[in-house]
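Visitor: I am attaching a structure below and will ask some questions about it afterwards.
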Amino acid sequence: MAKIPTSPFAELGPKTPVETGTVKRGIYGRYLEEFTEGAIFEHPRELTIDRSFAQEFATTFMEANPLYLSAPYAQAHGFKDLLVSPLMVFNVALSLGVQNDSEKALANLGYYDVQFLKPVYPGDTLSAKTKIIKIDDKGADKPGIVHVRTICLNQNRELVLQYERKIMIYHSNGKPKGTPKPVIKEAFFPETDSPVIELPELKFPKGFETSTWTDTYFENFAAGQIYIHQNGRTITDEHFPWTYRVGNTHPLHYDKLYSSGISGPMGGEPVVYGGLVFAWLCGLSSRDVTENVIWDLGFTEGYHTQPSFSGDTVTAITRVLSVKDRGTEFGIPAGEVHLQFIGLKNIKANDAFEKFGADLFLKENDKKKHGKEKLPEKIFEIERKILIKKK
């Protein structure tokens, strides 16, 4: 153990002249011209997910699946401990990348090919890296689009999550730039175009029959079913600390001086970070569709179609697109359910279904070609695949 002598120190401020020419201002994020196709960002900071943090996320975001709440339940199913919620893993991976990827972004345009490849347990430490796939530069006076792939690694440098997203970003156009860390061309970046899910040997234990409802097993799902989730969730200013708790550094989500200086629908009050909205919406559906999920197979092509703010109440609707029996491919009898997931705000899910019907399930960007108006109450849309155990 190092022992360093110390003593009280004198105050220097009153006697030290102020040098107004030696000011440093930390400016973070990148403008469009600061991105290069093929560049890799090794994001600063790692986050160790301890048990209390994992369980607080699962309960705050209304998860009903015992895999994220009960260690004995998860262990009895073959996992070494309770699982960290996939939505928490996703939020941490996305948030750690904000400082390099999107802290100067005008908007997050969508998520693509979200794939959870390995369990994350309490005590694991997560880090993230991003590769720039493509840059669509529309000119100096228009925002461009940066297409990125982000990977999330655990402390053993194992790939636990991979996804892509598109970000809308302006050129600097004379605004001061920061000094982001140099990109690394040859960084360790174990992406894969042939993803493989690595799970322990799963088990189907006895004695946990009352841990979940009896109508959320694979056999209870059929293509065409629509689930109108009955409860909403009012978002409060709790979103401020949660934004930084998962590592997101974009001031749009917690700095009113910043957000009030933005014009348009994203300006005024701080915008709720979309990953949190995503998690709350999934939580609202959990009792109806995911409490018997044994593995989250991922998400594809989803969008935040409207921003959310403190005080908004979010609600959700799910439609079953297809079901597929996977036999014992994953070690226990289970099946795959493909879902379409819709998020709403400030309208009850029942009322939205009565008011809009089938129009809810049309993608918002496709409304024009169908001769229909976009829905201001609709805030999110994505498709999801889940693996659900049989009875």
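The values are calculated or read from the model by the stated rules, or taken from the named source; none is laboratory data. Quick caveat: nothing in here was measured; it's all calculated off a predicted structure. Cβ coordinates were reconstructed from backbone atoms using ideal geometry, including for glycine residues, and neighbour counts include every protein chain displayed. In case anyone asks, the SASA skips ligands and DNA or RNA and just uses the protein heavy atoms, side chains included. Shrake-Rupley method; radii C 1.70, N 1.55, O 1.52, S 1.80 Å.
Visitor: Name the pairs whose Cβ atoms lie under 7 Å apart, with the first residue in segment 2-30 and under 27 Å from Glu103 (Cβ atoms), the second acidic (Asp, Glu) and surrounded by 10 or more Cβ atoms within 10 Å (Cβ to Cβ), and 6 or more positions between them or separate chains?
Guide: Listed pairs, sorted by first residue: Tyr28/Glu103; Gly29/Glu103.
Visitor: Tell me, please, whether a residue that is in a loop (DSSP other than H, G, I, E, B) and not assigned by the TED database to the domain that holds Ile169 can be found in segment 337-346. Break it down into steps so the answer makes sense when it comes.
Guide: First, the residues of segment 337-346 that are in a loop (DSSP other than H, G, I, E, B): 346.
This time we only want the ones that are not assigned by the TED database to the domain that holds Ile169, so: 346.
Yes: segment 337-346 contains one or more residues that are in a loop (DSSP other than H, G, I, E, B) and not assigned by the TED database to the domain that holds Ile169.
Visitor: Continuing with the same structure: Please go through segment 141-160 and give me each residue that is within 17 Å of Asn100 (Cβ to Cβ) and open to solvent by less than 10 Å² (accessible area, probe 1.4 Å), ordered by number. Lay out the reasoning, then the answer.
Guide: Taking segment 141-160 as the starting set, the residues that turn out to be within 17 Å of Asn100 (Cβ to Cβ) are 144-153.
The answer is Gly144, Val146, Val148, Thr150, Ile151, Cys152, Leu153.
Visitor: Working carefully through the options Thr318, Thr305, find the one that is open to solvent by 10 Å² or more (accessible area, probe 1.4 Å) and assigned by the TED database to the domain that holds Ile228.
Guide: On the way: Thr318 fails: open to solvent by 10 Å² or more (accessible area, probe 1.4 Å).
Every option except Thr305 fails the conditions.
Visitor: Could you please let me know if Thr48 is under 14 Å from Pro122 (Cβ atoms), touching a residue at least 60 places away in the same chain (Cβ under 8 Å) and surrounded by fewer than 20 Cβ atoms within 10 Å (Cβ to Cβ)?
Guide: Yes: the conditions hold for Thr48.
Visitor: Look at segment 374-388 and say how many of its residues are within 15 Å of Phe341 (Cα to Cα) and open to solvent by less than 10 Å² (accessible area, probe 1.4 Å).
Guide: 5
Visitor: Somewhere in segment 101-117, is a residue in a helix (DSSP H, G or I) and either at pLDDT 95 or above or touching a strand residue (DSSP E or B) at 6+ places or on another chain (Cβ under 6 Å) (or both)?
Guide: yes
Visitor: Based on what the data block shows, is Leu126 out of contact with any helix residue (DSSP H, G or I) (no Cβ under 7 Å at 6 or more places or on another chain), at pLDDT 95 or above, within 28 Å of Lys80 (Cα to Cα) and open to solvent by less than 80 Å² (accessible area, probe 1.4 Å)? Step through it out loud before you land on a result.
Guide: On the way: out of contact with any helix residue (DSSP H, G or I) (no Cβ under 7 Å at 6 or more places or on another chain): no; at pLDDT 95 or above: yes; within 28 Å of Lys80 (Cα to Cα): yes; open to solvent by less than 80 Å² (accessible area, probe 1.4 Å): yes.
No.
Visitor: Looking at Lys256, Lys177, Lys181 in this structure, which one is among the basic types (Lys, Arg) and farther than 18 Å from Lys104 by Cβ?
Guide: Lys256
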